[in-house]
Amino acid sequence: MEELRSAVRAVCDRFPDAYWRDLDARRAYPEAFVAAMTEAGFLGALIPAEYGGMGLDIAQTSVILEEINASGGNAQPAHAQVYTMGTLLRHGSEAQKREYLPKIASGELRLQAFGVTEPEAGTDTTSLRTTATRRGDRYVVNGRKMYISRVQHSDAMVLLARTGEAKPRKSDGLSVFLVDLHAAIGHGLTVNPRRVMINNVTNELVFTNLEIPAGALVGEEGKGFRYILDGMNAERILIAAECIGNGRWFVARASRRANEREVFGRPIGANQGIQFPLARAHVGVEAADLMRFEAARRFDAGEPCGAQANMALLLAADAAWEAANAAMQTFGGYSFDSEYDIERKFRETRLFQVAPISTNLILAYVGQHVLGLPRSF
């Protein structure tokens, strides 16, 4: 694992803080970084070697995203291409795998868009309203998606839409499709960019009688919710790793500052008001790291891992946020100055309290499905 970490760090070292700071100021996509990570094979980490990928497991792959964030970078512009593999690898047909996976691994094709969230449904995925109606050898898609990232920098998108009734369970009747974005945009798909508080290209998508081939269907019709959960569990684990990377970056950067910065004739790190929050943040990050690897172990073994994946994300998101706040206090007024990069990473880290899932909903999941308590919503 250390050899893998070193290899990722070697790529990240070519993209220092100033690179990410400039992108953040211009709201620009990290094309050079994504190209370098693709060339190194890291964005095809989960793709089996027979399709041109690295053939890594989820635990190893999580280390890649962790190291990106620990270096001061931001894995978000490319991470969906990694976690969408949970759906495609487990449920895509052999023809789909041979069509998409080698091209994704080589960088010829980007699959970085994940079309699930909707304006009305939010995290209540089973209530989504976007429909895909079968008409001969085509499906016709109508509806809206919200906060769908990286569409402008993707060739294809994983789309979840309703193809049947939500009976007998609410999760029934949902299907997964692989959508060719070049064929879709302007021919039934309208992309409306949304400006958000971090450097992330995200959008509202409007589908108006978009026709896609029947062969775009992944797996069986109506079984898509179960398929997408594989992607979501992978997403939880991988984003937990990103949070851990952020947490380690904050603790390391703030600890260095606390040793170097002197006020009233002594390093500020000698003051318990600075030292103890950083120490507690470090402990929280290390604890979250253990749950991340336990969730990854279960995922890789094919064991149920929903609870562990969600708990890993909660612990990691909280730990990173605690570390971010400790770093802000350590840097004081300098933390608001973009030159020090704290405020940029602070904004990026805050996202994980609400996305890809609210930490409150993780607690609701644990209460109901782990502790056996009554449903709270």
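Values quoted throughout were computed directly from the atomic coordinates according to the rules given, and no laboratory measurement underlies them. Keep in mind that this is a model prediction, so the values were computed, not measured. Cβ sites come from the backbone with ideal geometry, for glycine too, and all protein chains shown count toward neighbours.
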- Note on the structure: Charge tally for neighbours of Glu204 with beta carbon under 9 Å away, counting Lys, Arg as +1 and Asp, Glu as -1, is +3
- Message: Between 0 and 90 degrees, rounded to the nearest ten: what's the tilt of helix 306-331 against the longest Cα principal axis of the chain?
- Response: 40
- Message: Once each part is reduced to its C-alpha centroid, what is the distance from segment 240-289 to segment 63-142 in angstrom?
- Response: 35
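With n ≥ 4 as the cut-off for DSSP H runs, can you work out [θ] at 222 nm for the chain, using -39500 (n - 2.57) per run divided by the number of residues, rounded to the nearest 500? Could the numbers behind the result be given before it?
Details: 13 runs with 183 residues, N = 377.
Computed ellipticity for the chain at 222 nm equals -15500 deg cm²/dmol.
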- Message: With a cut-off of 8 Å between alpha carbons and a minimum separation of six or more residues, what is the relative contact order of segment 269-377 in percent?
- Response: 24
- Task: Please work out how much length the chain gains when fully extended from Glu50 to Glu2, using 0.36 nm per residue of separation minus the C-alpha to C-alpha distance, in nm with one decimal.
- Result: 14.8 nm
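So between Thr126 and Ser358, what do we pick up on full extension, going 0.36 nm a residue minus the alpha carbon distance?
This chain segment gains 81.9 nm when fully extended.
In what sequence do Val34, Val63, Val366 fall when counting other Cβ within 10 Å, fewest first?
Least crowded to most crowded, the residues run Val366, Val34, Val63.
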- Just in segment 128-188: which trypsin sites (Lys or Arg not before Pro) are loop by DSSP and have at most 11 other Cβ atoms within 10 Å? Arg169
- The farthest towards the positive end of the charge dipole of segment 267-368, of the residues Gly306, Ile268, Ala323, given +1 on Cβ of Lys and Arg and -1 on Cβ of Asp and Glu, is Gly306
- Residues of type lysines that Lys167 reaches as a straight line, Cα spacing below 22 Å, ignoring anything fewer than 8 places off in the same chain: Lys223
- Message: 5 Å is the cut-off here: which amide hydrogens, built 1.01 Å from N in the peptide plane, fall below it relative to Asn203, excluding neighbours closer than 5 in sequence?
- Response: Tyr147, Ile148, Ser149, Arg194
- Report P(r) for the chain: all Cα-Cα distances, bin width 10 Å, range 0 to the bin holding the largest distance, values in whole percent. 5, 23, 33, 25, 10, 3, 1, 0
- Query: Of His91, Leu46, Leu4, which is farthest along the charge dipole of segment 2-106 in the positive direction, counting Lys and Arg as +1 and Asp and Glu as -1 at C-beta?
  - Reply: His91
- Using only the Cα atoms of segment 2-106, what do you get for the radius of gyration and for Dmax, in Å? 14.1, 43
- Note on the structure: Hull surface over four for the Cα convex hull of segment 149-225, reported in nm², is 5.9
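Counting other C-beta atoms within 10 Å, which of Cys243, Cys12, Cys305 has the fewest, and how do the rest follow?
Starting with the residue having the fewest Cβ neighbours, the order is Cys12, Cys305, Cys243.
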- Here the gain from full extension of Val140 to Ala270, 0.36 nm per residue of separation minus their alpha-carbon distance, amounts to 40.4 nm
